[in-house]
Amino acid sequence: MHRRGEAARRGVAASAAVLLSAGALAGCQVKDGAAGPAVRVSKAPQQAPRKPPSEPSTAPARANTAPRPVNPARPAPKPEAAQPIAQTVRMAPGARGAHVRELQARLRQLGLFHRNPTGYYGPITAGSVTTFQKQRGMSRTGTVTDAVLSALRARTHEPTRSELYPPTSRPPAKPDPRCLTGRVLCVSKASRTALWMVDGKVRTAMDVRFGSAYTPTREGQFKVNFKSRHHHSTLYDTPMPYAMFFSRGQAVHYSADFAARGYAGASHGCVNVRDKQKIAKIFAEIRPGDKVIVYK
């Protein structure tokens, strides 16, 4: 019995120790007393202690932490296209002189200028330059720069004096077959030129103009009837120096109006010549009876 009582006391003591330990774990309060700490045991069911939350339940919503899109690297700026270097204009409409005459002669060699060189840069010359620029893939400005001159000189030869200073402003037409024998003044309406020829050879060439649509110059084969060095027209009250009549009142003669106005005017049917020195020379050589051929 003694042993049973001792065992019982030990069991009670062990139970008390367990209860004390459980109370501490349950958060119960312990009061100091004279006989030792009193134990108050909570009647709530015992649960394992919870681990304190890592974040308060009232924590604000998390900010959007998605990674910001990385801006793609900006492409390197494209290099600016190289601007063409402006070239100095050497010749342009309105220019005059030997350099213009050479330009026209070279353009004529290429079949781009259908007149004889005059030394004046007008709209016809500008048009010829534009055509050349178009053929070479250049800017079509109608003006001449160093690049145009270089390209033109590379494709032509140095103009001869006869190419630079031809006898007429327009290339003479091929002589009519009737002009190839004897002494003949060969007049072409198509080229607006007159050739003084002897036995098929040209001695002198001149620019000429003709009558208007109301007073046309006759065409055909004629001969010089008479000459009048200081002739004056009584019909039109007009001077007709160095006149060589070939068909009634029509004659080949010098015209001061033609020399001043060019092809802006017209005659009353005569063949006007504007080069006074040339017509004077021909007047001295031609004889009555020499042929005059007027053809288209």
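Each value in this text was obtained by applying a stated rule to the coordinates, not by laboratory testing. Computed from a predicted model, the values in this text were never measured in an experiment. When we count neighbours, we look across all protein chains shown, and the Cβ atoms used for this are built from the backbone with ideal geometry, even at glycine.
Within segment 171-240, how many Lys pairs sit with Cα atoms under 19 Å apart, leaving out pairs fewer than 8 places apart on the same chain? Please list the in-between numbers first.
Details: Lys174/Lys189; Lys174/Lys201; Lys189/Lys223; Lys201/Lys223.
Lysine pair count for segment 171-240: 4.
Between Tyr214 and Leu110, what is the label-point separation in nm under the 7 Å Cα-to-beta-carbon projection?
Between Leu110 and Tyr214, the simple spin-label model gives 4.4 nm.
If I model a spin label as a point 7 Å beyond the Cα along the Cα-Cβ vector, how far apart are those points for Ala86 and Arg183 in nm?
6.3 nm
Tell me the Kirkwood hydrodynamic radius of segment 134-272 in angstroms, computed as one over the mean inverse distance between distinct C-alpha pairs.
Numbers: mean 1/r = 0.0568 Å⁻¹.
After inverting the pairwise mean of 1/r, the radius is 17.6 Å.
Please give the residues of segment 217-231, grouped as numeric ranges, whose backbone N is less than 14 Å from a label point set 7 Å along the Cα-to-Cβ vector of Ala256.
The answer is 230-231, whose backbone nitrogens lie closer than 14 Å to the label point.
Pairwise over distinct Cα atoms, reciprocal of the mean inverse distance: report the Kirkwood radius of segment 87-215 in Å, one decimal place.
Every distinct Cα pair counted, the radius reaches 16.2 Å.
Where does each of 244-255, 102-113, 176-187 land if you order them by average Cβ count within 10 Å, highest first?
Listed from highest to lowest mean packing, they are 244-255, 102-113, 176-187.
With r as the distance between the Cβ atoms of Ser139 and Arg203 and R0 = 45 Å, compute the FRET efficiency 1/(1 + (r/R0)^6) and round to 0.05.
In this case the efficiency is close to 0.50.
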